[in-house]
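Nothing in this text is a laboratory measurement; each read-out follows from the coordinates by a stated rule. Note that this is a predicted model, so its numbers are computed, not measured. Reconstructed Cβ throughout: ideal geometry from the backbone, glycine too, with neighbour counts over all protein chains shown.
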Amino acid sequence: LLPGLTDTKFASAVTQNEELMKTVLPQIPLGRIAQPSEMSGMVLFLVSDAASYVTGSTFTVDGGVLA
C-alpha cells in the first residue's frame, strides 16, 4: 500500500503546520489529506481471499497525487 499524506500522529509535523499545508494541499487533486479509515478498504482487500493471486503490486491511495 502506497498511502498519500494521511492524518496520523506520524504525519503531524506536516498536518499541524499551516504554512506547510498551504503548499501541500494544492498538490493533492482531492484537495485534502486522507483519513486513516480511507486506507482500510484497500488493506481489507489485500488481506482477503479476493487478493489471493495478488503479488508484487503497489496500490496507490493518495487522493490523485501520482495520477
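So who's got an amide H within less than 5 Å of the one on THR60, skipping anything under 5 residues away but keeping other chains? H placed 1.01 Å off N, in plane.
LEU2
Scattering from the C-alpha atoms of the chain alone, worked out with Debye: what is log10 I(q)/I(0) at q = 0.12, 0.17, 0.19 1/Å?
Normalising to I(0) and taking log10 leaves -0.37, -0.66, -0.77.
Note the angle between two axes, namely the Cα long axis of helix 37-46 and the longest principal axis of the Cα atoms of the chain, as a number of degrees from 0 to 90, rounded to the nearest 10.
For 37-46 against the chain, the angle is about 20 degrees.
In whole Hz, with x marking every Gly and Pro, tabulate ³J(HN,Hα) for the stretch 7-24 from phi via Karplus 6.51 cos²θ - 1.76 cosθ + 1.60, θ = phi - 60°.
Each residue's phi maps through the Karplus curve to give 6, 10, 4, 4, 8, 4, 4, 8, 5, 8, 9, 4, 5, 5, 5, 5, 8, 6 Hz.
Can you compute the FRET efficiency between PHE45 and LEU2 using 1/(1 + (r/R0)^6), with r the Cβ-Cβ distance and R0 = 25 Å? Round to the nearest 0.05.
0.95
What's the FRET efficiency of SER12 with PHE59 using the Cβ-Cβ distance as r and R₀ = 22 Å, to the nearest 0.05? Spell out each step's value before the answer.
Numbers: r = 24 Å, r/R0 = 1.11.
Efficiency computed from Cβ-Cβ geometry: 0.35.
Hey, got the dipole for the stretch 2-61? About the Cα centre, +1 on K and R Cβ, -1 on D and E Cβ, debye to the nearest 20?
Dipole about the Cα centre, nearest 20: 60 debye.
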